[in-house]
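In what follows, a structure is listed as structure tokens, so that the remarks can point back to it.
The values are calculated or read from the model by the stated rules, or taken from the named source; none is laboratory data. Because the structure is a prediction, the values reported are computed rather than measured. Quick reminder, even Gly has a Cβ in these numbers, built from the backbone with ideal geometry, and neighbours come from all protein chains shown.
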Amino acid sequence: MEMKQVQSPEELFQAQAHLYSYTYHSIGSMCLKSALHLGIPDIIHNHGQPITLDELVLALQIDPNKSLYVYRLMRFLVHSGFFVTTKIDGGKEAEEEIMGYDLTQKYGV
């Protein structure tokens, strides 16, 4: 069997792009499955308004030290269009605005 020894940079790039495409598609599916398994859409819907990361971690009953993982999951799902981030007013005493997660219009009830 004869193997092709020399590949052009364009062929290598196309092969790498093909592999990355499949890798990221599987990551998206796993993240969505995890969010559904944890019940994140239901928690946000039942909350009745955008939910902060701290409130979400509390509702999920996850160790607060692992909130970074929930943040990463939510960031990916926001980027994928399943959730949106919304600025929440912290009240008169709070000077900074807090980000909250909400369902998108096309997926929300």
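Before moving on, here are some points about what is shown:
- In the range 87-105 there is no residue matching the filter, namely being in a helix (DSSP H, G or I), under 17 Å from the mean Cα position of the chain (by Cα) and without any contact (Cβ under 8 Å) to a residue 12 or more places away in the chain.
- Residues in the range 3-52 that are among the aliphatic types (A, V, I, L, M) and closer than 25 Å to Leu73 by Cα: Ala17, Leu19, Ile27, Met30, Leu32, Ala35, Leu36, Leu38, Ile40, Ile43, Ile44, Ile51.
- Flag if Leu58 is in a helix (DSSP H, G or I) and under 12 Å from the mean Cα position of the chain (by Cα): no
- Exactly one residue out of His18, His37, His47 is at pLDDT 90 or above and exposed (fewer than 10 other Cβ atoms within 10 Å of the Cβ): that is His37.
- Residue match in the range 53-64 (condition: loosely packed, with under 11 Cβ neighbours inside 10 Å, within 23 Å of Gln105 (Cα to Cα) and not aliphatic (A, V, I, L, M)): no
- For the range 19-29, the set of residues classified as of a type in the set (A, V, I, L, M) and either under 13 Å from Phe82 (Cβ atoms) or in contact (Cβ under 8 Å) with a residue 24 or more places away in the chain (or both) consists of Ile27 only.
- Residues in the range 65-103 that are at pLDDT 90 or above, β-branched (Val, Ile, Thr) and either surrounded by fewer than 15 Cβ atoms within 10 Å (Cβ to Cβ) or farther than 18 Å from Pro41 by Cβ (or both): Thr85, Thr86.
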